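Asks: Okay, handing you the structure first.
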Amino acid sequence: MDTLRRSMMLLSLLAAAAFAQDPGAATASPPTDAPAPTAEAPATPAAPAPEVKQEAAPSEEIAGCAQGAAHGLPEGPVALGYFEADLATGRRACPRSEAGLGGRFGASIDTPNFYGNLGVNGILFGSFAVRPDVEVFATLEAANFTYTVNAVLTATQLTLGNLTLGGTYQVLNRGAVLGGVSARLLLPTSFETPGARAVGGELGFAASWRPKRWLEVHGYLGGDVTSAFSRANPFTRFGGLLLAGVQLQPWSWFAFVLDLTGRFGEISYFAPTAGLRFRIARLGIELGATLPLAGNDRHDFIMGGRFSWRFD
Amino acid sequence: MTRLVVVGLALALAIAVGTGCAKEGCLGGEDGCRVPPPCQKVAFTCSGGDSLSVETITDATQRPGGWNGIGAKGDVKLSNGVVDVVIAGIGTQTYLDPHGGSILDLAPAGQPKDTVNNVFQVVGILPNDAAWYSTLEIIDERPARVAVQVRGTLDGRPNVPISTRYELTPCDPGVRVRTEIVNGSTDNQTWGLLDGYYWSGRESLPFAPGEGEGFTHMSFGLTTIQKAFKTFPYFAAAGHSGDGKVSAISTASCTDPKLTGFHSDQISAAGLGLKVVPPRGSLIFERFIAAADVRDVGGAIDLALEVRKQVLGEAYVTLTGTVERMGGGGGFAAEREASVLVVEGALGGPTDAGIPWTQVVPKADGTFSVRVPGNKQYVVEVHAFGRKEVERQFSVGATDQSLGAFVLPGVATLTATVQDATTMMPIDAELFVVPETEESAAALTGNLHGRFATCSPWLGPPPGASPACNRILVRNGQATAEVPTGRYEVLAFHGPFWSLGREVVNLQPGNTSLSFSLTRLPLKPAGALSSDLHVHGAASFDSSIPDLDRVLSFSASDLDVIVATDHDVIYDYGKIVADLGLSGRMSTVVGLESTGHIPWLKVKNYGFPLVIGHYNLWPLRFDPSLPRNGAPIDELIEPGELFERTKSGATGLEVIELNHPWAEPEFGRDLGFPRAIFLDTTKDLPATDDGSGTGANVYIRTPANASYANDGHHAQEVINGSDSSLHLQYRAFWFYVLNQGRLKAGTANSDSHSLTDNTVGVPQNLVFTSTTAGPGFDVNAFNTAVREGRMIGTNGPVISATVEDATGQERGPSLLPFAPKADGVLRVKVSSAPWIPVEEVRVVVNGVVVKTFASLPQPTDPFATSGDLVRFDGTAPLTELLSGVSGDAWIVVEAGTRLPLAADLGGGLDLDKDGKEDLDGIPDTTDNNGDGKVDSADVTAGEDRGPLNNLPTPKRGEVGYYFGALTGGHPNAFANPFVLDRNGDGKFNAPGVTGGR
């Protein structure tokens, strides 16, 4: 446990240091061309004026993160992943401040091999746009319920689940084209694994192209590593995720999202994910479902729902 | 960007620091790792204590003795002068252990008392939940310890490493064990890290404290096994062979207050409870498995309580007492005479509310001593002859306590002599003690603390030595046994071709002597050898009958030839036969019953893996220095490959027999190959395997690495067991394969595992061969006759049948086709002993009974020693029998009691997916409501077919009562077929499922 504590402290300190406000950050960061707030895109928190390196969009046009944004409506890829908390899950390119809760239900039913697994996660999540181009975020599986079947033997478990902490730094904001680098840490909070506490991290790049107010094309490319503080082999595993998706938003209160995800690594899959998004003022609702069509992942499907309240 | 790089590096560094540190034991998977010494809180002391040893077995003499001692070349034996433990060498597949590394033997050191079949590690019930060890390392750290460390993975799951260390330190009365497993897969798992203890049903009985438990455990099947999981502080088990070659074991956790698992007479599991184990999760289980040189579980439980005291600080107290017998007489030589059960609870309380904590068999002088947890109220029960005779209540404090004397009722001593009425020479025989009335039977009914068979009277554990259940073996004309007082009929039996002796006696305390003279009846045809081709003894994992009693039972049934067919071990009774002076008239053949344990085989449209069932193979080379005494590994292969593997060990012309082809599966393991693969006997077999994987194709295909087809056996059982249960199914399958032109000899075997489950030689085969039993026995000649079907199968009636061939020669039953005389007749004569009535004679042609000679005259005096033994003598013209049949045909003659009305209501695969299993042509349901038809009204509620019941045995006073009392069944016999090459083309052309009609 000393090792565990030392590692935890080291992780926390380094992560905090990396994301701490830094006067040089503004100059080091690429330019943004965030538009003036509109009725559908309220003003972002005050932030230092970015250095302008390209022509700003005409003032009557909406561009960048505000293009197509409807205030409480979730954006980016559907936040529904296959791994701990939100690890290896597509991330949006635009920072925002919000808090929410959600649930995820996944089922793996492999009858020929007499295997079954049902997982239910009660999730708390939030993000805070430290600056227009920087966001920190967290996802906690506040309750993890697992039911597994091995032939006719079953077991259940209810524990505190995994926690990820991360941040996004928007590195690209050129009109309709947006991009952000994000990093996430999987912290060893979960009690679900006997003799081990899972840890991990992920580095990814999220991109968004918003040519129309009603259309967003988004993508995500990430690489991750997971391991464990464990008395046993930690089974350190690397993986990558490539996601491309589109959001159609016919109305400001509704959007439909379809993502295609390819996962490679020890667990692999190719999976479409569909999502329905709604907003009621600052309240955002996202309903999603995904199922792997290829690869070795054993999920039959994962479905989830999230409610978020936007603050910025 | 810089900060992101920093984050990445920080992450990598943190993970490297946090996850790269030294791992516990072998959980890290490093080469050269060591599982830590188990049970470090536990220590025992003794005088001496310097006799630690570890050796790789190279010779059979190193094998620990006892009926379950199976350690062999390549296995590793640890000893400390207190216990011996043998760990299977890598590659030594044994029972449910797929690849070695399990405990094969555990016994008091130097004592021939191993009662352990196999202790192995599993995490669930599927084949790939078992540990598959690939490396074995001997750890010799004398004088501190000797150990064996085995490492591997779950079977077929290379990403789930598992390691186990077995260790002895000086003075340990058992083996310390630690197992480590880690989930290296990417899936959540349901695991219970457990030791599996394979008892088998007729050997050690598990005992675990629990409300209403002790020796009693809830029944369960594969689909209901989870409900059987319970927690218990320890558990123990003791053998019941009844000959002194028994010991007991117990298991207690070295870390936790409870074990979790389940118990049955077949198998126990004890370890960690079922839990979700996500990827990277690991489990560690440490336990102490003790062995005690005792005849009860109490001695082993004493050790488990000592372990708990050292691990948990839990105190125990010692109870002492004395058992006496009213009127004195006899000692307490065995558990049948006195067994003390200590149950937490109060007198008069519900029987299922008490918590049995231990059980002890008094010493010969009646004294006993046993440990129990202190500060409880106990009821101490003393059982004798399977019945609770005395019980008293005690409040036990924190100190040792004397319980005083318990006085049991007096018993009678029965002495019997049996002789040949003609020669006046003493003979071996078997006595059946039967209460004179139904009322007295109820009062004498007993069992061993609710386990094994219930008998009236209960003279000893049914699976063990004589006396067992209500049977007493007579050796060389003499037998003595203690029997509860009462009025009995005592029946003296010497096989179905002898008269039956009977005496009625009122047994009271003291000695009673009986004499029997039995007469050899002129029934056994000249040139025929009485042969039982399927018997088990204590060498089998599911038999406790000692060798001496086993061989004595062969002689008691007046058998000539016996094939040793112990499960998964080759065995040889030759030495015991010689020791008993029987070599001059009896021959035993070294053989094997291969027994599938690990399901693997898949057939089309059925999701569960299967085993291939049981096959007998003989004659084989017996080499006790080898694993399984030289038997091949019989798991994960199809029958054809099994036959191939066995070929190299054959010592003569081999016979392969398909056993009980349609028997019910046990614990998910099929006992008969055709039933396992859902063979549909309503359809003809394909000429060649089309590769579709259907049951029919699997049945006839020749597997890779084999020159035999899967149906390459030479014979199959048509009758199995003294009560002929499931005969209708075996018979239907035999008729099917005969109709397919795949001619197999039909056999009738006892499949006896004890004196009581089936009587050796009932049924048996009368094999017509030129050789004779005893010196000069020619196994090749004998096997040739068996393979050619020159035999009848019978539990009593003797069928003599002939058909004239084209040259006018009388032909007996045989699989060799011949052209019959055009106007020939079938001649049949059936004879039997006076106590074996024959109700009818049937003639079967191509699977259909075409003629029945019914209502045959019945013998009036079952104990007659002379008179007419012929029950039927008649003929039937072939033209009449073959009417309506075109092409070649086969004829089988049957005799005995009428067969029950039965039909096929289902049982095949649900190929049309309508939720109802399809018909497979094999009867599965009898007319159980007696309305003259077989339909759903005959089926047990909640089932879709069955049961298939025998006709009720006759009641006292009815004809055939004594046969039923001895066998539980009805007279039944068949002759092997006459195979008629009617078109004279020199071969038999299969009539197919239509029977040529």
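Here, each number is a calculation from the coordinates, and none is a lab measurement. Here the structure is a predicted model, which means the values were calculated and not measured. We place every Cβ from the backbone using ideal geometry, glycine too, and count neighbours over all the protein chains shown.
Asks: In nm, to one decimal, how far is the modelled label at B:V407 from the one at B:R34, with both set 7 Å along Cα→Cβ?
Replies: Going by the 7 Å Cα→Cβ label model, 6.2 nm.
Asks: Applying 1/(1 + (r/R0)^6) with R0 = 22 Å to the Cβ-Cβ distance of B:D365 and B:T399, what FRET efficiency is obtained, to the nearest 0.05?
Replies: 0.35
Asks: Still on this structure, I have one more. Calculate the mean, over all residues of peptide A:153-160, of how many other protein chain Cβ atoms lie within 10 angstrom of the residue's Cβ.
Replies: 5
Asks: Answer with one residue from A:P211, B:L274, B:G299: the one whose Cα lies farthest towards the positive end of the charge dipole of the protein assembly as shown, charges on Cβ with Lys, Arg +1 and Asp, Glu -1.
Replies: Looking along the dipole axis, the top candidate is A:P211.
Asks: Could you rank the peptides B:581-587, B:339-345, B:983-989 by their average count of other C-beta atoms within 10 Å per residue, with the highest value first?
Replies: B:339-345, B:581-587, B:983-989
Asks: Ok, one more. Dipole size in debye (nearest 20) for the protein assembly as shown around its Cα centre, Lys and Arg Cβ +1, Asp and Glu Cβ -1?
Replies: 2500 debye
Asks: Rounded, prolate or oblate: pick one for segment B:897-997, where a ≥ b ≥ c are the square roots of the eigenvalues of its C-alpha gyration tensor, a/c under 1.5 means rounded, and failing that, prolate if a/b is larger than b/c, else oblate.
Replies: Taking the square roots of the gyration eigenvalues as a ≥ b ≥ c, segment B:897-997 is oblate.
Asks: Assuming 0.36 nm per residue, please report the length gained on full extension of the stretch B:A333 to B:E24 beyond their Cα-Cα distance.
Replies: 106.3 nm
Asks: Still on this structure: Between B:T485 and B:R621, what length in nm is gained on full extension when 0.36 nm per residue of separation is reduced by their alpha carbon distance?
Replies: Full extension from B:T485 to B:R621 adds 44.2 nm.
Asks: Follow-up. Here are some pairs, B:K73/B:K604; B:K73/B:K245; B:K230/B:K388; B:K230/B:K363; B:K41/B:K230; which of them have Cα atoms lying more than 29 Å apart in this structure?
Replies: Over 29 Å Cα-Cα: B:K73/B:K604; B:K230/B:K363.
Asks: How much of the DSSP beta bridge set in the protein assembly as shown is antiparallel, as a percent to the nearest 5?
Replies: Here the antiparallel bridges make up roughly 90 percent for the protein assembly as shown.
Asks: Taking +1 at the Cβ of each Lys and Arg and -1 at the Cβ of each Asp and Glu, which of B:S499, B:T153, B:L816 sits farthest along the dipole of the protein assembly as shown towards its positive end, judged by Cα position relative to the Cα centre?
Replies: Result: B:T153.
Asks: Please label the shape of chain B as rounded, prolate or oblate, based on the square roots a ≥ b ≥ c of the eigenvalues of the alpha-carbon gyration tensor (a/c under 1.5 means rounded; beyond that, a/b larger than b/c means prolate, else oblate).
Replies: Verdict is oblate for chain B.
Asks: Of B:P461, B:A416, B:S402, whose Cα points farthest to the positive end of the dipole of segment B:350-492 (charges on the beta-carbon: +1 Lys, Arg; -1 Asp, Glu; origin at the Cα centre)?
Replies: Farthest towards the positive end: B:S402.
Asks: Can I ask one more? Starting from the Cα of B:S648, move 7 Å in the Cα-to-Cβ direction to define the label point; list residues of segment B:613-631 whose amide nitrogen is under 16 Å from there.
Replies: B:620-623, B:626-631
Asks: Ignore the peptide's own chain and count Cβ atoms of other chains within 10 Å of each Cβ in B:190-197; give me the average, rounded.
Replies: Per residue, the average neighbour count from other chains is 3.
Asks: Take the Cβ-Cβ distance between B:D140 and B:S707 as r, set R0 to 60 Å, and report the resulting FRET efficiency rounded to the nearest 0.05.
Replies: The value I calculate is 0.85.
Asks: Here's a follow-up. Take the alpha carbon gyration tensor of segment B:938-981, find the square roots of its eigenvalues, order them as a ≥ b ≥ c, and report rounded if a/c is under 1.5; if not, report prolate when a/b exceeds b/c, else oblate.
Replies: oblate
Asks: Roughly how crowded by other chains is peptide A:188-195, in terms of the mean Cβ count from those chains within 10 Å of each of its Cβ atoms?
Replies: Across the residues of A:188-195, the mean count of other-chain Cβ atoms within 10 Å is 5.
Asks: Turning to a different aspect of this structure: Once both labels are modelled 7 Å past Cα along the beta-carbon direction, what's the B:A421-B:T231 spacing in nm?
Replies: The answer from the label model is 6.6 nm.
Asks: Let me ask something else about it. With +1 assigned to the C-beta of every Lys and Arg and -1 to the C-beta of every Asp and Glu, and no other charges, what is the dipole magnitude of chain B about the Cα centre in debye, to the nearest 20?
Replies: Taking the Cα centre of chain B as origin, the dipole is about 1020 debye.
Asks: Ok, one more. Once you have the alpha carbon radius of gyration of the protein assembly as shown, what is it after dividing by 2.2 N^0.38 Å, with N set to its residue count?
Replies: Expressed relative to 2.2 N^0.38 Å, the Cα Rg reads 1.12.
Asks: Let me ask something else about it. Work out, step by step, the length gained on full extension between B:D985 and B:C46: first 0.36 nm times the residue separation, then minus their alpha carbon distance; give nm to one decimal.
Replies: In short, 330.0 nm is gained.
Asks: Over the alpha-carbon set of segment B:649-799, work out the extent along each principal axis and list the three values in angstrom, largest first.
Replies: Extents along the principal axes: 49, 32, 29 Å.
Asks: Using a 7 Å offset from the Cα along the Cα-to-Cβ direction at both A:L248 and B:S855, what is the distance between the two label points in nm, to one decimal?
Replies: About 8.7 nm separates the two model spin labels.
Asks: Could you tell me the calculated FRET efficiency between A:F264 and B:L911, based on Cβ-Cβ distance and R0 = 30 angstrom, to the nearest 0.05?
Replies: Working from the Cβ atoms, E equals 0.15.
Asks: Still on this structure: Using the number of other C-beta atoms within 10 angstrom as an exposure proxy, rank B:D428, B:D868 with the fewest first.
Replies: Final ranking by Cβ density, sparse to dense: B:D868, B:D428.
Asks: Between their Cα atoms, which of B:K829/B:K851; B:K77/B:K113; B:K227/B:K275; B:K23/B:K275 are more than 20 Å away from each other?
Replies: Result: B:K23/B:K275 exceed 20 Å.
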